[in-house]
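Peer 1: Below: one structure in structure tokens.
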Amino acid sequence: MKKVSFFQSIRLKFIVILILLLLLAIQVIGAYFAQRLETSLEENFMNNVEQRLQDLTYYLEETFKKERPEDGGGPSLQQEVQNILNLYDSELYSDLQVIDTQSRVIGANSQLDRVGKRITGESGVTLALLFGQDRQQILRDPYTGQRMLVRIIPLFNDEEVLGAVYLEASMEEVYTQLQSINQIFLNGTILAIIVSALLGVLVARTITKPITEMRKQAMIMSTGDFSQKVNVYGADEIGQLASTFNDMNDKLKQAHLTTEGERRKLSSVLSNMSDGVIATDQNGIITLMNESAAALIGKPFEDLRGQQLMEVLQLDDKADDLSEIQEAGSMIIDFSDDEQFFLIKANFSVVQDENEKVTGYITVISDVTEEEKVERERREFVSNVSHELRTPLTTMRSYLEALTDGAWENKEIAPRFLDVTQNETDRMIRLVNDLLQLSKLDHKEHTIYKERVNIIPFFHHILDRFEMNKSENIVIDRHMPQENVFLWLDKDKINQVIDNIVSNAIKYSPEGGTIKFRVVKEKQRLLVSISDQGMGIAREKLEKIFERFYRADKARSRELGGTGLGLAIAKEIIETHHGQIWAESKEGKGTTILFTLPLIKKKRGVKS
């Protein structure tokens, strides 16, 4: 996160707010103070002027009332008035005049040339002389611009107007004093603002420092580091906020540890699941996938991230939207190609929030190829068993019906029919016995009795029995070691294996053919191979000959009385002895069946 500059910080805002509040307070106080000061100074000035005027008007009235001799002896009214004005003159008076009832100036403190002249153009003087009206007003001198107090006071003898006093007093000294005081107040305001700004910086720092530390700690916490804590500087609201922040840090740390533990568990579960898990958003876009899912689909998660699940699972032709498929619950998806049969089962589930709004989908996919193969084999097995039993039963029913219809009376046909019926019955008995044996081997119900056997004489004994019963045109070529080779095995079961393989070799060998029986002692095992010179098996069918009821040549196998279970039984017995069995063949050049048996490594018990 970018560092906040000073001009964008809360510190500057706090300082600005503090200064504005201070300015507002100073302005309110200053306005009130200036107004009250101006009023007080004006009142003081006017009271001072008024006090002086009271004395002056008293002596002037007494002078106007005084009787003077008719012979003109003694000072005249004008002289006495001028003497009084000179006596009571003051620096406060800019202009002081005494006017008689004839509107003539009879005394002045300045501009004495006006004495004896009539005053004109002053309505206030006229009103004072005619009606005895007192007048007071503050005017601005049009020439100097100074504010002047104009005072007109009538002089009375009882109720008779004797004259008037016209006074002009400059008030500039009052306003100059007021301006000086306002300037001092302004300077004090500026100083207070500067001091307040400095104090505001300090106070703001005490407030913003914990907030800045909490911001830094929040940035550290966002990276997953909960080891640090913020300092608590007091018990005020910010201190309580810091304490609460530290408590939140502890709880977030615990929650993070819990979440991380759950995440690791979930990651471990997803990684070790054999089934694939795919998570998508509400639009079906892939957001998460485990390794099993990537392996089943055949592409890494990095290539599939952001793609539509419908396209990845090839579901475009089955539905238009993922919600339609989710309603089905699950489905089988065919990923087979020309080289491989591959089926995937997909189970769909929806992810909802607390308002039951769909926020995504979870798809679990699994490989059901083997299950499908087993199911196919089961169906084929049931079909093959039904077919194998139906053929002899149909034959037996046909012959028995013929016998019932009267053929039993024919001494030539009846024995032949009974012989066929007997052969088919024996064939079904062999089939059922083979099936029972396979069932026991599948369910591990067949007990294996192992004993220490010298295998070379044992093989010769089995082959000698075949030599006695085989056709004279079939040759059994033996290649076995001359030394004694001992193995732990169940003689009856291995005897059955050799019987099944050699019998098949004799059945499929041509007239005059040779069956090669070879035994090779290897390092830790004994390798046995039995080869014929029959028609051979195609490569694509070679792995299927150990499947139940499989016949390379079905028609000939049935003619020779085979059940199709011999090699399947041989495979189960060899694997029970911890060996391996397989086939090698070329068409037209015969088939070789090979199997191995482990050599004795240490002393073992007789029964297992």
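The values are calculated or read from the model by the stated rules, or taken from the named source; none is laboratory data. What you are looking at is a predicted structure, and each value in this text was computed from that prediction instead of being measured. Methodologically, a virtual Cβ is constructed for each residue, glycine included, from the backbone with ideal geometry; neighbour enumeration extends over all protein chains shown. The area values use the complete protein model at the heavy-atom level, side chains included, leaving out ligands, DNA and RNA. Shrake-Rupley method; radii C 1.70, N 1.55, O 1.52, S 1.80 Å.
Peer 1: Tell me yes or no: at least one residue of the stretch 42-56 is of a type in the set (D, E, K, R) and over 30 Å from GLN179 (Cβ atoms).
Peer 2: Yes: one or more hits.
Peer 1: Hey, could you check the stretch 472-495 for residues that are open to solvent by 20 Å² or more (accessible area, probe 1.4 Å) and among the acidic types (Asp, Glu) and say which is farthest from GLY579 (Cα to Cα)?
Peer 2: GLU472
Peer 1: Looking at THR425, is it of a type in the set (Val, Ile, Thr), at pLDDT 70 or above and in contact with a strand residue (DSSP E or B) (Cβ under 6 Å, 6 or more places away or on another chain)?
Peer 2: no
Peer 1: Mind checking whether some residue in the stretch 194-207 is open to solvent by 50 Å² or more (accessible area, probe 1.4 Å), hydroxyl-bearing (Ser, Thr, Tyr), out of contact with any Lys or Arg (no Cβ under 7 Å at 6 or more places or on another chain) and within 25 Å of ILE19 (Cβ to Cβ)?
Peer 2: Filtering the stretch 194-207 down to residues open to solvent by 50 Å² or more (accessible area, probe 1.4 Å) leaves 194-195, 198-199, 201-203, 205-207.
Going one step further and asking which of them are hydroxyl-bearing (Ser, Thr, Tyr), we end up with 206.
Checking the rest, the ones that are also out of contact with any Lys or Arg (no Cβ under 7 Å at 6 or more places or on another chain) come to 206.
Checking the rest, the ones that are also within 25 Å of ILE19 (Cβ to Cβ) come to 206.
Yes, some residue in the stretch 194-207 is open to solvent by 50 Å² or more (accessible area, probe 1.4 Å), hydroxyl-bearing (Ser, Thr, Tyr), out of contact with any Lys or Arg (no Cβ under 7 Å at 6 or more places or on another chain) and within 25 Å of ILE19 (Cβ to Cβ).
Peer 1: If you check every pair at least six apart or on different chains, which have Cβ atoms under 6 Å apart with a residue in the stretch 536-556 that is farther than 15 Å from ASN504 by Cα first and a residue that is at pLDDT 80 or above and open to solvent by 70 Å² or more (accessible area, probe 1.4 Å) second?
Peer 2: ALA538/GLU587
Peer 1: Collect the residues in the stretch 266-301 that are of a type outside the set (A, V, I, L, M, F, W, C) and either open to solvent by less than 50 Å² (accessible area, probe 1.4 Å) or assigned to a helix (DSSP H, G or I) (or both), keeping them in residue-number order.
Peer 2: The answer is SER267, SER268, SER271, ASN272, GLY276, THR280, ASP281, GLY284, ASN290, GLU291, SER292.
Peer 1: I've got another one for you. Tell me which of these VAL115 doesn't satisfy, since it passes every other one: (1) open to solvent by 20 Å² or more (accessible area, probe 1.4 Å); (2) farther than 18 Å from LEU56 by Cβ.
Peer 2: It fails just one condition, (2).
Peer 1: Spot the failing condition for LEU149; the list is (1) closer than 18 Å to GLN54 by Cβ; (2) open to solvent by less than 70 Å² (accessible area, probe 1.4 Å); (3) in contact with a Gly (Cβ under 8 Å, 6 or more places away or on another chain), and only one is missed.
Peer 2: Against the list (1) closer than 18 Å to GLN54 by Cβ; (2) open to solvent by less than 70 Å² (accessible area, probe 1.4 Å); (3) in contact with a Gly (Cβ under 8 Å, 6 or more places away or on another chain), LEU149 comes up short only on (3).
Peer 1: Next question, about the same structure. Take the residues of the stretch 553-582 that are over 60 Å from the mean Cα position of the chain (by Cα) and of a type in the set (A, V, I, L, M, F, W, C): which is modelled with the highest pLDDT?
Peer 2: Filtering the stretch 553-582 for residues that are over 60 Å from the mean Cα position of the chain (by Cα) and of a type in the set (A, V, I, L, M, F, W, C), the one modelled with the highest pLDDT comes out as LEU560.
Peer 1: Can you tell me which of GLY145, GLY163, GLY116, GLY124 is in a strand (DSSP E or B) and more than 60 Å from the chain's Cα centre (by Cα)?
Peer 2: GLY163
Peer 1: Give ILE99, ILE84 a once-over and let me know the one that is within 20 Å of TYR58 (Cβ to Cβ), at pLDDT below 85 and either outside any helix (DSSP H, G or I) or touching a helix residue (DSSP H, G or I) at 6+ places or on another chain (Cβ under 6 Å) (or both).
Peer 2: Numbers: ILE99 fails: at pLDDT below 85.
Among ILE99, ILE84, only ILE84 is within 20 Å of TYR58 (Cβ to Cβ), at pLDDT below 85 and either outside any helix (DSSP H, G or I) or touching a helix residue (DSSP H, G or I) at 6+ places or on another chain (Cβ under 6 Å) (or both).
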